[in-house]
Amino acid sequence: MTTFAKQLTHEIGRVARKQIKSEVDPLKKTVGSYRSEIAALKRQIRALGAQVRALSRGTKQLAKSVPQAAPKAAARRRFKFSSDAFLQQRKKLGLTQGQMAQLLGTSNLSVYKWESGQVTPRVAQQQKIASLRGLGKRAAQERLAQSI
């Protein structure tokens, strides 16, 4: 019986290997196709990365060669808000906080907080404040009269 048991074991192993091979071969083919797709995607990513680097270099060179943006942007950067200077400007124009708020299109409370240094105005408000720098008392009164 020993020979029979060996033969049976051998035959079972052969059939099992044949069955496994028939199931594994299609998987090997799909794995191979996936690997080739992954390799193609990696090449594509490398190419796109090179394009991005080249474009970023080009934009940096372009930014250096192009003069600065509009003067408004430069003026926005140059204006530094100071609560003391704002208070002095309001007093120079002879305006109350309410009138200054009306001139700037804000609330009295905002003007109070800006002058006391509790809050810094937003960029849009800073631009309006900067536009008041060159005004005299008469021009400020005229603007107030127009806004009413």
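The values are calculated or read from the model by the stated rules, or taken from the named source; none is laboratory data. Please read these numbers as outputs of a predicted model, since none were measured by experiment. Cβ sites come from the backbone with ideal geometry, for glycine too, and all protein chains shown count toward neighbours. Areas reflect the complete protein model, heavy atoms only, side chains present, ligands, DNA and RNA absent. Shrake-Rupley method; radii C 1.70, N 1.55, O 1.52, S 1.80 Å.
Within region 82-103, residues that are within 14 Å of Gln141 (Cβ to Cβ) and touching a residue at least 40 places away in the same chain (Cβ under 8 Å) have Cβ atoms under 6 Å from residues that are surrounded by 19 or more Cβ atoms within 10 Å (Cβ to Cβ) and among the small types (Gly, Ala, Ser) in these pairs: Leu93/Ala140, counting only partners at least 6 apart in sequence or on another chain. Residues of region 103-119 being assigned to a helix (DSSP H, G or I) and open to solvent by 80 Å² or more (accessible area, probe 1.4 Å), which ones? Asn108, Leu109, Tyr112, listed by residue number.
Residue-wise test of (1) among the hydrophobic types (A, V, I, L, M, F, W, C); (2) within 19 Å of Lys80 (Cβ to Cβ).
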| position | (1), (2) |
| --- | --- |
| Leu104 | yes, yes |
| Asn108 | no, no |
| Val123 | yes, yes |
| Ser131 | no, yes |
| Ala139 | yes, no |
| Gln146 | no, no |
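Which of the residues that make up region 116-148 are among the charged types (D, E, K, R) and within 17 Å of Phe79 (Cβ to Cβ)? Hits for region 116-148 are Arg122, Lys128, Arg133. Residues that are open to solvent by 60 Å² or more (accessible area, probe 1.4 Å) and outside any helix (DSSP H, G or I) within region 120-148 comprise Thr120, Arg122, Arg133, Gly134, Ile148, listed in sequence order.
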